[in-house]
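> Next up is a structure, given as structure tokens.
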Amino acid sequence: METIKIKDEFIKLGQAMKLAGLADEGVDAKFQIQEGNVKVNGEVDTRRGKKLYVGDVFSFGGTDVKVERVENS
């Protein structure tokens with residue numbers, strides 16, 4: 001399972017897909033999400049603006065990505 005790290009309270013699904021390298025541009029993420037190709041915590045979610053919090057997992061194209069918090073150093 002891959003991970004992305006966020007410093008804020010949440011990240012939107014479309015942004016998370018770009019951060020994880022699963023979409024080159026926001027429009028690419030938008031179409032994949034709207035077509036029902038993305039799952040959040042095991043369920044299809046068609047909202048690009050869906051807020052993901054630490055611990056959430058989203059899946060696309062056989063890749064699972066977990067949202068984690070950036071460690072303060």
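> Quick one: if you stick a label point 7 Å off each Cα along the C-beta vector at Lys30 and Arg47, how many nm between them?
1.8
> Roughly how many nanometres apart are two label points built 7 Å out from the Cα toward the Cβ at Val70 and Val54?
1.3
> Got a sec to turn the phi values of region 28-35 into Karplus ³J(HN,Hα) couplings, 6.51 cos²θ - 1.76 cosθ + 1.60 with θ = phi - 60°, whole Hz, x for Gly and Pro?
Once θ is set to phi - 60°, the couplings for region 28-35 become 5, 4, 4, 5, 5, 5, 5, 7 Hz.
> Something else: Roughly what % antiparallel, to the nearest 5, for the DSSP beta bridges in the chain?
For the chain, the DSSP antiparallel bridge percentage is about 70.
> Let me ask something additional. Divide by every residue of the chain the summed helix terms, -39500 (n - 2.57) for each DSSP H run of at least 4, and state the resulting mean residue ellipticity at 222 nm, rounded to the nearest 500 deg cm²/dmol.
Mean residue ellipticity, 222 nm, calculated: -6000 deg cm²/dmol.
> I've got another one for you. Could you give P(r) for the chain, binned at 10 Å from zero, as whole percent values over all Cα-Cα pairs?
Taking all Cα pairs of the chain, the binned fractions are 22, 59, 17, 2 percent.
> Could I ask something else about it? Accessible area of Met1, 1.4 Å probe, to the nearest 10 Å²?
We get 150 Å² for Met1.
> Related question: Rounded to the nearest 20 debye, what is the charge dipole size of the chain about its Cα centre when +1 sits on each Lys and Arg Cβ and -1 on each Asp and Glu Cβ?
Computed charge dipole of the chain: roughly 220 debye.
The values are calculated or read from the model by the stated rules, or taken from the named source; none is laboratory data. Note that the structure is predicted; figures quoted are calculated from it, not measured. Every residue, glycine as well, gets a Cβ built from its backbone with ideal geometry; the counts of neighbours run over all protein chains shown. Accessible surface is based on the protein model in full, side chains and every heavy atom, while ligands, DNA and RNA are left aside. Shrake-Rupley method; radii C 1.70, N 1.55, O 1.52, S 1.80 Å.
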